[in-house]
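Encoded as structure tokens, the structure appears first; notes follow it.
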Amino acid sequence: MSKDAKNVPALRFKGYSDAWEKRKLGDVVERVTRKNRDLVSTRPLTISAQDGLVDQRKFFSKTVASKNISNYFLLKAGDFAYNKSYSVGYPWGAVKRLDKYPSGVLSTLYIVFKPKKINSQFLVTYFEGTTWYVSVSKVASEGARNHGLLNISASDFFDQQLFFPTKKTEQESIGFTIKVLDDLIAATQYSIDALEQAKKALLQRLFDQSWRFKGHSDPWEKRKLQELLVERNDPSIESKTYPLMSFTGTDGVTPKGRRYDRSALVKSSSKKYKKTQKNDLIYSSNNLETGSIGLNKTGNAVISPVYSVFQVTDEAIPSFMGNMILRRRFIDKMLRYRQGIMYGQWRIHELDFLQIVVNVPQTAEQFQIGQLFSALDALIAATQSRLSSLELLKKSLLQDLFI
């Protein structure tokens, strides 16, 4: 049976089998046109597709609301608003419910409404999906766009058709399920943010030596990088043993399939790249400000010859070096050696790079520091993977729980 063959979604909660009703949005919600005549609220609102209805003064560097807000719509907690502005990922605007504040004011350019014969949380979930885009898109086209707004009238908006379960309990179940998932996603993102903040603090404290591992008190030594690194300048063609990969500061050495693959543009199969092996240190002179520097944590590969590649010597621990080079203080040292070349690009010569002086502890302490960050990075990666899984699950549910 197809998803909507009998007006039922692909996925149902146990105990529900009856067909969903098709109704106009205006039949189940009530338009809100109350004005802020008595200046009940002075909080100007705006709609963020990602963050919902938020205080305009916090969202922008300065408020863009009119000085006279007495004629603005007055929103109360639980009211919905439709932002007709379109953006990447939200081609037909965004609908959000006021949850963060008890009240606020909104420009009359927005369409405001509240639930009448439909569960509020179900409605939140409905507008998080893309089903409603189909209906709105019938009355809004490329030709109906004006200065970033979709010229959709309030009557056209409320005339859009939607399917919804007739039983309030099914509406509640759908809304509650997605709400629980949203809470899990938010908590997981919070965990990632907290872990990254912890890593930032550890990078600061461990490398300025204000925090030390027990049993280590010797002062760190000043060493030139040429004592800790050796340039790996080994031209090679792509092969099964050394596949062609990309390098970025965020993802490190990654297969070309995860990014834009330009290999089809290469005419010669004998084109030479640079070899890199696991635990090599790699940097790109042009993108240092955005963090294009790091360790090869993947393994054997060939990468573009524009990158500089170094092997870590026995005097250093790769995981320690990999975190030391990420510090802002180290990047600033590198930038002092940057020289301009053709086409506005920059270059830090490998010989200059190897002259940089750094403070390093004995290898035993380096190992402990490196191990700590390796464990922390693994935890961050696992938490990010969990976040991706939750977001994928939500996307699937939003697709299958609705018609």
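The values are calculated or read from the model by the stated rules, or taken from the named source; none is laboratory data. Keep in mind the model is a prediction, meaning the values are calculated, not measured. All Cβ positions, even for glycine, are placed from backbone atoms using ideal geometry, and neighbour counts span all protein chains on display.
Take the stretch 185-210 and flag every residue that is loosely packed, with under 15 Cβ neighbours inside 10 Å and under 30 Å from VAL136 (Cα atoms).
Of the stretch 185-210, the ones loosely packed, with under 15 Cβ neighbours inside 10 Å are 186-187, 190, 193-194, 196-198, 200-201, 204-205, 208-210.
The one that is loosely packed, with under 15 Cβ neighbours inside 10 Å and under 30 Å from VAL136 (Cα atoms): ALA186.
What residue, among those in the stretch 160-179 that are of a type in the set (A, V, I, L, M, F, W, C) and under 29 Å from the mean Cα position of the chain (by Cα), is surrounded by the fewest Cβ atoms within 10 Å (Cβ to Cβ)?
Here is the first cut: in the stretch 160-179, the ones of a type in the set (A, V, I, L, M, F, W, C) are 162-164, 174, 176, 178.
Still in the running and under 29 Å from the mean Cα position of the chain (by Cα): 174, 176, 178.
Details: ILE174: 26, PHE176: 14, ILE178: 21.
The selected residue is PHE176.
For ILE403, work out the one condition from (1) assigned to a helix (DSSP H, G or I); (2) not assigned by TED's automatic domain parsing to the domain that holds VAL253 it doesn't fulfil.
With (1) assigned to a helix (DSSP H, G or I); (2) not assigned by TED's automatic domain parsing to the domain that holds VAL253 applied to ILE403, the lone miss is (1).
Just one of (1) surrounded by 14 or more Cβ atoms within 10 Å (Cβ to Cβ); (2) without any contact (Cβ under 8 Å) to a residue 24 or more places away in the chain trips up LEU53, so point out which.
(2)
Quick check, is LEU390 of a type outside the set (Gly, Ala, Ser), under 30 Å from PHE127 (Cα atoms) and not in a strand (DSSP E or B)?
Details: of a type outside the set (Gly, Ala, Ser): yes; under 30 Å from PHE127 (Cα atoms): yes; not in a strand (DSSP E or B): yes.
Yes: the conditions hold for LEU390.
Conditions tested, residue by residue: (1) in the same structural domain as GLN160 (by TED's automatic domain parsing); (2) in contact (Cβ under 8 Å) with a residue 40 or more places away in the chain; (3) over 24 Å from the mean Cα position of the chain (by Cα); (4) not in a helix (DSSP H, G or I).
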| position | (1), (2), (3), (4) |
| --- | --- |
| PRO9 | no, yes, yes, yes |
| PHE13 | no, yes, yes, yes |
| GLY26 | yes, yes, yes, no |
| ASP38 | yes, no, yes, yes |
| ILE47 | yes, yes, no, yes |
| ARG57 | yes, no, no, no |
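Identify the residue in the stretch 90-138 that is among the aliphatic types (A, V, I, L, M) and part of a helix (DSSP H, G or I) and, among all such residues, is farthest from ASN71 (Cα to Cα).
Restricting to residues being among the aliphatic types (A, V, I, L, M) and part of a helix (DSSP H, G or I), the top hit is VAL134.
Within the stretch 354-368, does at least one residue satisfy the condition of being over 26 Å from HIS216 (Cα atoms) and either within 33 Å of the chain's Cα centre (by Cα) or among the hydrophobic types (A, V, I, L, M, F, W, C) (or both)? Walk me through how you get there before you give the answer.
Kept after step one, since they are over 26 Å from HIS216 (Cα atoms), are these residues of the stretch 354-368: 354-355.
This time we only want the ones that are either within 33 Å of the chain's Cα centre (by Cα) or among the hydrophobic types (A, V, I, L, M, F, W, C) (or both), so: 354.
Yes, some residue in the stretch 354-368 is over 26 Å from HIS216 (Cα atoms) and either within 33 Å of the chain's Cα centre (by Cα) or among the hydrophobic types (A, V, I, L, M, F, W, C) (or both).
So which residues in the stretch 388-399 are in contact (Cβ under 8 Å) with a residue 24 or more places away in the chain and loosely packed, with under 13 Cβ neighbours inside 10 Å, if there are any at all?
The initial filter retains those residues of the stretch 388-399 that are in contact (Cβ under 8 Å) with a residue 24 or more places away in the chain, namely 390-391, 393-394, 397-399.
None; the set is empty.
Filtering the stretch 180-228 down to residues that are of a type in the set (D, E, K, R) and not in a helix (DSSP H, G or I), which residue is farthest from the chain's Cα centre (by Cα)? Walk me through it before giving the result.
Here is the first cut: in the stretch 180-228, the ones of a type in the set (D, E, K, R) are 182-183, 193, 196, 199-200, 205, 208, 212, 214, 218, 221-224, 227.
Within this subset, residues satisfying the condition of being not in a helix (DSSP H, G or I) are 208, 212, 214, 218, 221-224.
Working: ASP208: 31, ARG212: 34, LYS214: 38, ASP218: 42, GLU221: 39, LYS222: 38, ARG223: 38, LYS224: 37 Å.
Within the stretch 180-228, the match that is farthest from the chain's Cα centre (by Cα) is ASP218.
Which condition number in (1) farther than 23 Å from LYS297 by Cα; (2) outside any loop (DSSP other than H, G, I, E, B); (3) touching a residue at least 40 places away in the same chain (Cβ under 8 Å) is the one that GLN355 fails?
(2)
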